[in-house]
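First up is the structure itself, then whatever we jot down about it.
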């Protein structure tokens with residue numbers, strides 16, 4: 001439990017990042033800039049993230065994410081809502097391997113794997129990948145590195 005809560009604590013704060021977007025069925029490839037405002041709530045068991053990304057000076061994607069840790073069952077869950085209109089039918093289960101948080105969201109459109117990799121107190125990486133064959137293969141969607149710009 002301690003490691004998971006520590007990771008959630010590390011992801012809390014205000015962040016700015018650069019992202020590389022792969023060409024996919026969701027859109028063209030290219031670069032983006034992003035900002036993330038994340039705060040702990042409910043005794044440190046929940047991290048609430050507000051994400052916004054811009055491409056070519058225009059809003060590209062917005063998301064609201066809730067990462068939750070159930071202390072009793074030691075389960076991690078991700079609830080992800082975004083401006084593409086994807087509403088989760090169920091939370092994405094997650095795991096902490098001591099180095100990264102991983103969640104896999106499933107829907108009729110396929111699967112998306114979110115990997116959060118803390119890189120010290122002031123940096124983390126987020127990697128999004130999609131699978132359309134039940135996880136047999138994964139294709140990159142977004143890779144971003146975020147630096148802390150505020151508490």
Pick from region 31-47, criterion in contact with a helix residue (DSSP H, G or I) (Cβ under 9 Å, 6 or more places away or on another chain) and farther than 15 Å from residue 94 by Cβ, ranking: surrounded by the most Cβ atoms within 10 Å (Cβ to Cβ):
36
Please go through region 127-151 and give me each residue that is closer than 13 Å to residue 17 by Cα, in contact (Cβ under 8 Å) with a residue 40 or more places away in the chain and surrounded by 15 or more Cβ atoms within 10 Å (Cβ to Cβ), ordered by number.
142, 143, 144, 145, 146, 148
Surrounded by 13 or more Cβ atoms within 10 Å (Cβ to Cβ), within 12 Å of the chain's Cα centre (by Cα), part of a strand (DSSP E or B) and free of Cβ contacts under 8 Å to residues at least 60 places away in the same chain - does that describe any residue in region 21-30?
no
Quick one: which residue in 12, 63 is more than 12 Å from the chain's Cα centre (by Cα) and at pLDDT 90 or above?
12
Output the number of the condition that residue 84 fails; it satisfies all remaining conditions of (1) in contact (Cβ under 8 Å) with a residue 40 or more places away in the chain; (2) closer than 18 Å to residue 64 by Cα; (3) surrounded by 15 or more Cβ atoms within 10 Å (Cβ to Cβ).
(3)
Looking at region 93-106, can you tell me whether even one residue there is buried (at least 18 other Cβ atoms within 10 Å of the Cβ), in contact (Cβ under 8 Å) with a residue 40 or more places away in the chain, on the phi < 0 side of the Ramachandran plot and within 12 Å of the chain's Cα centre (by Cα)?
yes
Residue count, region 27-42 (criterion: touching a strand residue (DSSP E or B) at 6+ places or on another chain (Cβ under 7 Å) and within 11 Å of residue 142 (Cβ to Cβ)):
5
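The values are calculated or read from the model by the stated rules, or taken from the named source; none is laboratory data. Nothing here was measured: the structure is a model prediction, and the numbers come from that model. Please note: Cβ atoms are built from the backbone with ideal geometry, for glycine as well, and neighbour counts cover all protein chains shown.
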